[in-house]
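Peer 1: Just passing along the structure, written as structure tokens.
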Amino acid sequence: MAWRGLAAEFLQVPPVTRAYTAACILTTTAVLEILSPFQLYFNPHLVFRRLQIWRLVTNFLFFGPLGFSFFFNMLFVFRYCRMLEEGSFRGRKADFVFMFLFGGALMTLLGLLGSLFFLGQALMAMLVYVWSRRSPQVRVNFFGLTFQAPFLPWALMGFSLLLGNSILVDLLGIAVGHIYYFLEDVFPNQPGGKRLLLTPGFLKLLLDAREEDPNYLPLPEEQPGAHLPPQH
């Protein structure tokens, strides 16, 4: 019964957050039983010469073996991905997916310069950064320390440093998050500015509910009760 309740709760999570979180958990589980991290990491030679295209995606899904670091990252991915999807991206699944695609593509290109093999943590940092800039007045609690949201990405980076991890991945996520935030939220509101990140139409067609035209008049045969036989 507990599993059913947990599954029911999970199905209430917005679809993009649910899909990405589930993919990360399933990938880690598969590494325990079936796969090796060497089959998942980003390697340009294997991607473009051996056509192992899946590496462009799987390097964003593996957060390391089960342990404190994995659960910590999953908590932040789930929390801030969900808050973005239910907040500033509410009703805009296509725009949210496009943010993932834009961020992932830019991280992949910049990751080539730093020889980074797994970019899931960078994607998490991007999500946290975009949320924090769009929620500047929100106060967050981080291990007993309370501060305003825009400081959260830097606190996460400092925590990674304390754990002995490289902060290069966090810096990459923050940088890409700032580029997205600037292009989407800042530049369009400047004199002469405009939106440069336009979500492709096919994504909107696939993911967003169609808006009904308030001026549309249905044909007589489409109106309710049109097919009912006349009453005598």
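The values are calculated or read from the model by the stated rules, or taken from the named source; none is laboratory data. All figures in this text were calculated on a predicted structure; none of them were measured in a lab. With ideal geometry, Cβ positions are generated from the backbone for all residues, glycine too; neighbour counts draw on all protein chains shown. Side chains included, ligands, DNA and RNA excluded: accessible areas come from the protein's heavy atoms. Shrake-Rupley method; radii C 1.70, N 1.55, O 1.52, S 1.80 Å.
Peer 1: For Phe117, indicate whether it is farther than 30 Å from Leu205 by Cα and open to solvent by 40 Å² or more (accessible area, probe 1.4 Å).
Peer 2: In short, yes.
Peer 1: If you don't mind, another one. Count, please, the residues in the range 32-57 that happen to be part of a helix (DSSP H, G or I) and on the phi > 0 side of the Ramachandran plot.
Peer 2: Matching residues across the range 32-57 total 0.
Peer 1: How about the range 117-143: which of its residues are among the aromatic types (Phe, Trp, Tyr) and within 12 Å of the chain's Cα centre (by Cα)?
Peer 2: Selection gives Tyr129, Trp131.
Peer 1: For Val77, state whether it is under 9 Å from the mean Cα position of the chain (by Cα) and in contact (Cβ under 8 Å) with a residue 12 or more places away in the chain.
Peer 2: Yes, satisfied.
Peer 1: How about the range 120-132: which of its residues are open to solvent by 10 Å² or more (accessible area, probe 1.4 Å) and under 24 Å from Pro200 (Cβ atoms)?
Peer 2: Within the range 120-132, Tyr129, Trp131 meet the criteria.
Peer 1: I'm trying to understand the selection: among the residues of the range 151-174, which are assigned to a helix (DSSP H, G or I) and open to solvent by 40 Å² or more (accessible area, probe 1.4 Å)?
Peer 2: Correct list: Phe151, Trp154, Leu161, Leu162, Leu168, Leu171.
Peer 1: Working carefully through the options Gly144, Gly177, find the one that is open to solvent by less than 90 Å² (accessible area, probe 1.4 Å), at pLDDT below 90 and under 30 Å from Gly64 (Cα atoms).
Peer 2: None of the other options fit; the residue is Gly144.
Peer 1: Restricting to the range 180-214, and then to whatever is within 16 Å of the chain's Cα centre (by Cα) and in a helix (DSSP H, G or I), can you tell me which residue is modelled with the lowest pLDDT?
Peer 2: Leu207
Peer 1: Which of the residues that make up the range 1-31 are over 22 Å from Arg90 (Cα atoms), in a helix (DSSP H, G or I) and at pLDDT below 80?
Peer 2: Ala2, Trp3, Arg4, Gly5, Leu6, Ala7
Peer 1: Say whether the condition of being of a type in the set (Gly, Ala, Ser), in contact (Cβ under 8 Å) with a residue 12 or more places away in the chain, assigned to a helix (DSSP H, G or I) and within 20 Å of Leu61 (Cα to Cα) is met by at least one residue in the range 126-149. Write out each step before concluding.
Peer 2: Start the filter on the range 126-149 by keeping residues that are of a type in the set (Gly, Ala, Ser), which leaves 132, 135, 144, 149.
Filter again for in contact (Cβ under 8 Å) with a residue 12 or more places away in the chain, leaving 132, 135, 149.
Now restrict to residues that are assigned to a helix (DSSP H, G or I): 132, 149.
Narrowing the set further to residues that are within 20 Å of Leu61 (Cα to Cα) leaves none.
No.
Peer 1: What are the pairs with Cβ atoms under 9 angstrom where one residue, in the range 175-193, is farther than 25 Å from Gln121 by Cβ and the other, located anywhere, is among the aliphatic types (A, V, I, L, M) and surrounded by 12 or more Cβ atoms within 10 Å (Cβ to Cβ)? Sequence gap at least six, or different chains.
Peer 2: Every condition considered, the pairs that remain are Gly193/Val186.
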